Every structure is written in C-alpha cells, then in structure tokens.
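To keep things clear, I will list the structure first and then write my remarks on it.
The values are calculated or read from the model by the stated rules, or taken from the named source; none is laboratory data. Everything numeric in this text was worked out from a predicted model, so none of it was measured. So basically every Cβ, Gly included, is an ideal-geometry build from the backbone, and we count neighbours across all protein chains shown.
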C-alpha cells in the first residue's frame, strides 16, 4: 500500500502492542486509558521529530552551557470529545504547549462536518507555531 508522503506509519513494537491492547475487548477501562496515554506519548514523540531548535545558554551548577530548546510555539487542539484522550500524553511530551479546542460533528443527512465550538489562543508568532490536531479518528472519520 502506497501512503501519502505526509503519512508516517509507526511500526515500533510498543505502538503495535498498545494498539492491540486498546482493541482487546477484555482490556479494562483503567488499562484502556493507560494504553491510550502511553500510545499518545509515543505519537507525540514521533510528531516532534521535525521541530526546529534554537540555541539557549543556561547556567548549570558548574558552568554556562549552550544547549538547544524547541523554537516553535506548540498548540494542542483535541477534537472534542474523542481527541481529549490524547491530550495527557501529548501534554506530557510538550508541557509548554498551549491548549485549543475544536468541537465538530457530522450532519447525518448531508454528511458535512458542523463546527459547534472553537477556542484558539492568541499567538505570539504565527510563523513559528505548530498546531497538533488530536483526533483518534474513531467510527467513520466523517467529522
């Protein structure tokens, strides 16, 4: 199967294992939430691979150190409600991220998406902002 160049297929053994456990009907609610959280952390890690860096000088207990920090402002935007399950894992990887929300559902007659809620933060620098849209694409993915 040929994938779009923007699609990244995660083949890591942990990803495959967590997905299997999430799909298992015998997985408890508690375990389900734990596996979703772990999986979303791995997804966030992979999504962050292309982030830009900036040089930063910091003081350590021994000397001044020149290191690297993420230069981009990160915004996490879960699609309400299913995307909320991915929030904690992504926020663990990107603790400085700003939070946005998008509520959308599908019109059952026209099959068109209907936006019912949108909250987005004011950005300092739109050019250097990365928005991660969080949605596990459950059911039809039509919304």
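Filtering region 37-51 for residues that are farther than 24 Å from residue 132 by Cα, in a helix (DSSP H, G or I) and touching a residue at least 12 places away in the same chain (Cβ under 8 Å) leaves an empty set.
If the condition is being over 14 Å from residue 85 (Cβ atoms) and assigned to a helix (DSSP H, G or I), then region 1-22 contributes 13, 14, 15, 16, 17, 20, 21. Among the residues of region 107-133, the ones that are under 20 Å from residue 51 (Cα atoms) and without any contact (Cβ under 8 Å) to a residue 40 or more places away in the chain come to 2 in all. Selection of region 81-120 for residues being assigned to a loop (DSSP other than H, G, I, E, B) and surrounded by fewer than 13 Cβ atoms within 10 Å (Cβ to Cβ) yields 81, 95, 96, 107, 108, 109, 110, 111, 112. From the list 127, 57, the one residue that fits, being more than 16 Å from the chain's Cα centre (by Cα), over 26 Å from residue 15 (Cα atoms) and in a helix (DSSP H, G or I), is 127. If you check 111, 69, 102 for being over 21 Å from residue 38 (Cβ atoms) and modelled with pLDDT under 90, only one passes: 111.
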